[in-house]
Amino acid sequence: MTGAKNHFRSGLAAAVLGLICALPSALAAPVHGIALHGQPKYGPDFKHFDYVNPDAPKGGEARFAAIGSFDTFNPFNIKGQAAAGIGQLFETLMVGSADEPFSEYGLIAESVEVAEDRSWVIFTLRPQAKFHDGSAITAEDVLFSLDILKAKGSPLYRFYYASVAKAEKLDERRVKFGFSGGQNRELPLIVGQMPVLSKKYWQDRDFSATTLDLPVGSGPYRIERFEPGRFIVYKRDEHYWGQDLPVNRGSNNIDRLRYDYYRDVTVALEAFKAGSYDLRVENVAKQWATGYEFPALSKGLVKKEIFKHERPSGMQGFVYNLRRPLFQDARVRQALAYAFDFEWSNRNLFHGQYTRTRSFFDNSELAARGLPSPEELAVLEPLRKELPPEVFTAAYEPPTAKDDAELRANFQKALQLLQEAGWVFRDRKLVNAKTGEPFRFELLINEPTWERIGLTFARNLERLGIEMTVRSVDSAQYENRERSFDFDMIVNVWGQSLSPGNEQREFWSSAAADQPGSRNLAGLKNPAVDRLVDAVIAAPDRLSLVARVRALDRALQWTYVVIPQWHLPYDRIALWDKFGYPAVTPMQGVQLSAWWIDPAKEAALSQRAPEAGKAN
């Protein structure tokens with residue numbers, strides 16, 4: 001009998017073990033955070049992120065500049081221009097850390113359960129999580145947010161949440177998302193990034209319209225006052241429900257955040273020098289080099305600081321609109337790049353500050369270098385017939401010209417490519433050999449800074465017989481034309497993260513090319529690129545992700561969708577000396593939400609600043 005009982009127990013144990021092994025996703029344990037690959041850096045008992053000061057003082061006001069105007073407090077659709085800083089009113093289920101490639105920790109969500117195969121995720125909401133009107137954040141709000149963002153929000157959300165096949169309420173505080181479309185390890189984190197909106201507030205409003213009604217969010221700030229198109233002031237909510245969470249400790253320290261609107265960046269710089277606002281992230285090399293020579297800087301009232309980072313530079317460049325017949329021949333796109341003289345521009349316009357961009361993922365391990373590795377070839381080989389042959393045989397480098405002789409050689413290469421594409425010289429103009437139509441197009445800009453850069457490029461194109469006009473429009477018109485793809489060429493920046501994924505669909509996929517408001521501004525339609533994007537999204541681990549991103553990088557480089565420009569491996573910030581900030585800058589760069597107003601510095605500045613203002 002004893003042997004039979006032991007045999008029965010052994011069989012039962014084996015059966016239970018088999019059931020567990022057969023249903024691993026059913027036994028997912030609740031955790032405090034998740035990473036795209038591996039385990040998150042911070043454990044379940046962490047107190048705060050390493051790059052914040054948990055004892056930072058609260059208080060004070062910080063003033064910033066915004067350019068143009070605003071006419072809406074709804075940042076989730078493509079209508080109008082959203083107010084600067086409006087995102088601080090809204091929160092997500094989870095929040096990422098700035099010192100990891102891609103990890104998230106609970107914000108509105110208290111915990112997360114993820115299937116072993118990542119086919120579903122369950123979020124349990126914090127019982128104390130509340131909207132600004134005092135109502136609890138519930139599973140109904142989460143489901144409503146997903147539905148309305150996909151139905152009436154920006155195209156970004158439709159692409160981002162395309163693989164969310166099912167969402168269901170398990171109880172008042174638990175919601176489950178099921179995924180489709182094969183391997184996609186990023187999906188639980190993507191849903192974690194979803195802003196949670198108040199169903200009570202939005203269900204009877206037109207979510208697709210602009211609005212200046214005060215929104216109901218759940219974040220650390222609320223709108224205190226505003227004048228449309230002129231300024232907006234946010235006040236820190238002293239009763240903010242999440243202020244003591246580990247992900248928030250040491251952040252959101254400043255009592256008031258004010259954004260004043262200026263006509264253009266030149267006017268904004270002069271306003272900064274006059275003390276009209278406190279901090280600016282400088283994006284113009286000339287201004288950084290020469291624009292801050294004023295008494296307040298020499299007296300130590302203003303500081304210029306450089307903060308190094310390790311985030312990918314992304315791609316900034318002159319973007320061809322491939323929807324235009326003029327740019328549909330890759331030889332034409334390749335040719336025009338030979339007329340952009342980065343070296344001259346860097347010496348004469350940028351004071352030698354920039355590094356030439358050659359990769360869509362520069363300044364990171366994700367950038368393709370040299371010839372494809374065996375791991376990259378494994379991804380690329382099935383697509384060989386659909387990709388340019390150079391993807392397999394050469395390392396992409398943008399044209400360079402160290403002197404006039406090399407620039408003349410570049411012009412010769414450009415002319416040869418243009419002739420091969422059916423363009424000829426007639427009366428000192430480049431014209432289509434069949435139709436006689438001249439080669440002319442427009443560079444659309446919205447900032448005066450780009451005019452001197454664009455006109456320099458235009459002069460070089462003129463030597464090829466090409467007429468490029470530079471047209472400057474206001475920010476509202478520019479945004480509308482960009483959203484509707486009504487341009488020949490623009491300047492754009494595709495920012496990249498250390499863990500690229502589903503956002504690449506909106507950047508490069510064929511489906512996004514015809515979707516107004518998408519980030520596929522080039523209008524790229526390439527089945528091979530579509531498959532490479534899918535491969536990136538499906539990467540099962542970090543090593544395969546790196547190889548697949550590099551493969552995608554090569555395909556984009558050799559497709560000539562942009563003329564690459566430049567980047568910096570650091571952030572340039574000018575500030576009136578009233579701020580304190582952590583000693584540690586994380587890999588993803590400066591986190592202004594972790595800064596604070598230093599009472600001693602502010603008091604000293606208030607005594608000396610009037611004198612500096614008179615000197616100006």
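The values are calculated or read from the model by the stated rules, or taken from the named source; none is laboratory data. Just so we're clear, the structure is a prediction, and the values are computed from it rather than from any experiment. In this analysis, Cβ positions are derived from the backbone assuming ideal geometry, glycine residues included, and neighbour counts consider all displayed protein chains.
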Return yes when Thr393 is in the same structural domain as Val529 (by TED's automatic domain parsing), more than 17 Å from Gln557 (Cβ to Cβ) and hydroxyl-bearing (Ser, Thr, Tyr) and no when it is not.
no
So which residues in segment 36-59 are in contact with a helix residue (DSSP H, G or I) (Cβ under 9 Å, 6 or more places away or on another chain) and at pLDDT 95 or above, if there are any at all?
Phe49, Tyr51, Val52, Asn53, Ala56, Pro57, Gly59
Which ones in segment 254-300 are within 25 Å of the chain's Cα centre (by Cα) and part of a helix (DSSP H, G or I)?
Val265, Thr266, Ala268, Leu269, Ala285, Lys286, Gln287, Trp288
So, restricting to helices (runs of 4 or more DSSP H) that lie completely within segment 314-380, which ones have at least 1 residues that are over 26 Å from Glu406 (Cα atoms)?
374-380
Could you tell me which residue of segment 11-35 is farthest from Lys578 (Cα to Cα), considering only residues that are part of a loop (DSSP other than H, G, I, E, B) and at pLDDT below 90?
Leu23
When Gly85 is evaluated against the numbered criteria (1) at negative phi; (2) modelled with pLDDT of 95 or more, which criterion, by number, is the only one it fails?
(1)
Sort through Phe441, Phe425 and tell me the only one that's closer than 25 Å to Val470 by Cβ and surrounded by 17 or more Cβ atoms within 10 Å (Cβ to Cβ).
Phe441
Do we find a residue being among the basic types (Lys, Arg), part of a helix (DSSP H, G or I) and touching a Phe, Trp or Tyr at 6+ places or on another chain (Cβ under 8 Å) anywhere in segment 160-177?
no
Matching residues, segment 191-213, being part of a loop (DSSP other than H, G, I, E, B), more than 26 Å from the chain's Cα centre (by Cα) and not charged (D, E, K, R):
Gln203
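Yes/no per residue for (1) touching a helix residue (DSSP H, G or I) at 6+ places or on another chain (Cβ under 7 Å); (2) buried (at least 19 other Cβ atoms within 10 Å of the Cβ); (3) small (Gly, Ala, Ser); (4) without any contact (Cβ under 8 Å) to a residue 12 or more places away in the chain:
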| position | (1), (2), (3), (4) |
| --- | --- |
| Phe361 | yes, yes, no, no |
| Ser364 | no, yes, yes, no |
| Gly370 | no, no, yes, no |
| Glu375 | yes, no, no, no |
| Leu380 | yes, yes, no, no |
| Pro389 | no, no, no, yes |
| Glu397 | no, no, no, no |
Every pair of residues 6+ apart whose Cβ atoms lie under 6 Å, when the first sits in segment 514-527 and is under 13 Å from Ile78 (Cβ atoms) while the second is modelled with pLDDT of 95 or more and of a type in the set (Phe, Trp, Tyr)
Arg519/Phe507
Only unsatisfied item for Ser97, checking (1) within 24 Å of Val281 (Cβ to Cβ); (2) polar (S, T, N, Q); (3) out of contact with any helix residue (DSSP H, G or I) (no Cβ under 7 Å at 6 or more places or on another chain); (4) surrounded by fewer than 21 Cβ atoms within 10 Å (Cβ to Cβ), is (4)
Given (1) in contact with a Lys or Arg (Cβ under 8 Å, 6 or more places away or on another chain); (2) under 28 Å from Gly495 (Cβ atoms); (3) modelled with pLDDT of 95 or more, identify the lone condition not met by Gln334.
(1)
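Residues are listed down the side, and each one gets a yes or a no for (1) in contact (Cβ under 8 Å) with a residue 24 or more places away in the chain; (2) farther than 23 Å from Gly87 by Cα; (3) touching an Asp or Glu at 6+ places or on another chain (Cβ under 9 Å):
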site: Ile122; (1), (2), (3): yes, yes, yes
site: Phe131; (1), (2), (3): yes, no, yes
site: Val142; (1), (2), (3): yes, no, no
site: Leu146; (1), (2), (3): yes, no, no
site: Lys150; (1), (2), (3): no, no, no
site: Asp171; (1), (2), (3): yes, yes, no
site: Met194; (1), (2), (3): yes, no, no
site: Lys200; (1), (2), (3): yes, no, yes
site: Gln203; (1), (2), (3): yes, no, no
Pick out, from segment 39-144, the strands (runs of 3 or more DSSP E) lying fully within it that include 1 or more residues that are in contact with a Pro (Cβ under 9 Å, 6 or more places away or on another chain), closer than 27 Å to Ser180 by Cα and β-branched (Val, Ile, Thr).
109-114, 120-125
Any idea which residue in segment 435-472 is nearest to Leu322 (Cα to Cα), counting only those that are in contact with a Ser or Thr (Cβ under 9 Å, 6 or more places away or on another chain) and of a type in the set (Asp, Glu)?
Glu442
What's the number of the condition Leu107 fails, among (1) more than 19 Å from the chain's Cα centre (by Cα); (2) surrounded by fewer than 20 Cβ atoms within 10 Å (Cβ to Cβ)?
(2)
Residues of segment 460-489 satisfying the condition of being of a type in the set (A, V, I, L, M) and out of contact with any strand residue (DSSP E or B) (no Cβ under 9 Å at 6 or more places or on another chain):
Ala476
I'm told Glu238 meets every condition in (1) without any contact (Cβ under 8 Å) to a residue 40 or more places away in the chain; (2) of a type in the set (D, E, K, R); (3) in the same structural domain as Phe102 (by TED's automatic domain parsing) except one. Can you identify the failing condition by its number?
(3)
One residue from Phe177, Phe159 being hydrophobic (A, V, I, L, M, F, W, C), modelled with pLDDT under 95, under 25 Å from the mean Cα position of the chain (by Cα) and surrounded by 20 or more Cβ atoms within 10 Å (Cβ to Cβ):
Phe159
For a quick check of your reading: which strands (runs of 3 or more DSSP E) sit entirely within segment 487-594 and have at least 2 residues that are over 30 Å from Asp255 (Cβ atoms)?
489-494, 562-564
Looking at this structure, is Gly134 among the small types (Gly, Ala, Ser), surrounded by fewer than 20 Cβ atoms within 10 Å (Cβ to Cβ), modelled with pLDDT of 95 or more and under 30 Å from Tyr277 (Cβ atoms)?
no
